[in-house]
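Bear in mind that the values in this text are calculations on the coordinates, not laboratory data. All values reported here derive from a predicted model rather than from experimental measurement. No Cβ is skipped: glycine too gets one built from the backbone with ideal geometry, and neighbour counts run over all protein chains shown.
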Amino acid sequence: MSEASERPEKEEEEEEEVTPEPEEDSDDSSGEEAAGNTEMDFLRVARYIKSGKCKNIICMVGAGISTSAGIPDFRSPGTGLYANLQKYNLPYPEAIFQIDYFKKHPEPFFALARELYPGQFKPTICHYFMKLLKDKGHLRRCYSQNIDTLERVAGLEGEDLIEAHGTFFTSHCVSCTKEFNLDWMRDKIFADDIPRCDGCSSLVKPDIVFFGENLPVRFFTSMKMDFPRCDLLIVMGTSLQVQPFAGLVGRVSKSCPRLLINMEKAGQADPMLGLLGFGGGMDFESDKAYRDVAHISTCDDGCLALAELLGWKEELTELVKKEHGRIDSQDQREKSKGAAANESSASEAPAAKKEE
């Protein structure tokens with residue numbers, strides 16, 4: 001659900017490049033560090049964040065930051081979403097997110113939406129790490145491929161967030177474009193109703209980007225402002241296979257450090273394109289590599305490790321504990337309220353019958 005339609009990027013006007021100051025090497029830099037040892041490079045990223053020069057961090061995130069919350073990613077063999085859609089009798093897995101197929105056969109999508117609907121999952125350590133970056137004045141923006149709204153639940157607000165592939169937060173009629181909110185859509189989906197507009201009776205679709213649809217305009221307008229000013233790019237939990245999102249890694253200045261926290265290396269430059277003069281992809285291993293760092297781990301483990309180097313680990317774990325407790329308490333209150341309402345309805349029914 002975090003993957004979306006491929007749309008060719010339009011050629012953008014040239015902009016003035018804003019180059020962040022590179023971190024100065026400390027006097028005690030070791031030969032091991034200079035040789036590009038992965039852990040030492042990770043340490044240098046932490047030093048750079050703490051240096052006071054890093055005020056415009058951009059996070060690019062995908063489905064991998066939500067798997068520890070219980071939401072499957074797309075492409076993992078055996079466990080990914082696309083590997084487990086046989087029960088919906090689709091002509092091919094991606095059809096569930098194709099707009100033309102949805103308009104003719106909406107049932108599979110809404111059946112899947114019931115399983116993955118926002119409100120059933122809690123944000124992860126990685127989500128709250130980005131909230132800490134915001135609170136400490138380091139985060140410029142989070143660009144997310146995800147539609148699970150967990151960034152919002154963790155405390156990133158509208159201005160902090162570009163939901164590149166859309167969101168369940170709002171929905172619109174596919175014909176008259178009337179808007180519907182999250183609660184309305186939730187009620188329809190969990191009542192086993194196909195959501196239809198109360199004005200024109202057409203289908204109502206959550207504002208997630210299907211294959212065959214354009215990405216939100218805000219994605220394109222914001223990236224022009226944000227990426228030239230980025231002084232650290234942190235990429236987490238994405239295969240960087242879907243354009244134009246994947247191409248964002250090449251929009252930062254050539255001196256901007258880029259950190260990947262992922263289960264495998266992703267977004268690496270094609271050597272042939274490099275020979276032709278087309279760059280922008282990540283380069284972790286070549287002789288010319290100078291700014292890209294790959295930390296191979298789960299996103300939660302990577303964020304905990306970075307938080308420890310920053311001196312934020314205790315603060316991060318306390319934030320997760322407090323926020324998860326708040327969400328659990330809120331869920332319990334809503335369940336109690338629902339149970340009380342059901343009891344009230346049950347006790348009123350015999351009285352009404354007696355009056356008749």
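Data overview
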| item | result |
| --- | --- |
| Highest average packing first - 253-263, 124-134, 301-311, 146-156, Cβ atoms within 10 Å | 124-134, 146-156, 253-263, 301-311 |
| Virtual spin-label span in nm between Ala191 and Ser286, 7 Å along Cα→Cβ | 5.7 |
| Full-extension gain in nm, Arg333 to Ser51, via 0.36 nm per residue minus C-alpha separation | 97.1 nm |
| Given charges at Cβ of Lys, Arg, Asp, Glu: region 92-141 dipole, positive-most of Ala113, Tyr128, Ile99 | Tyr128 |
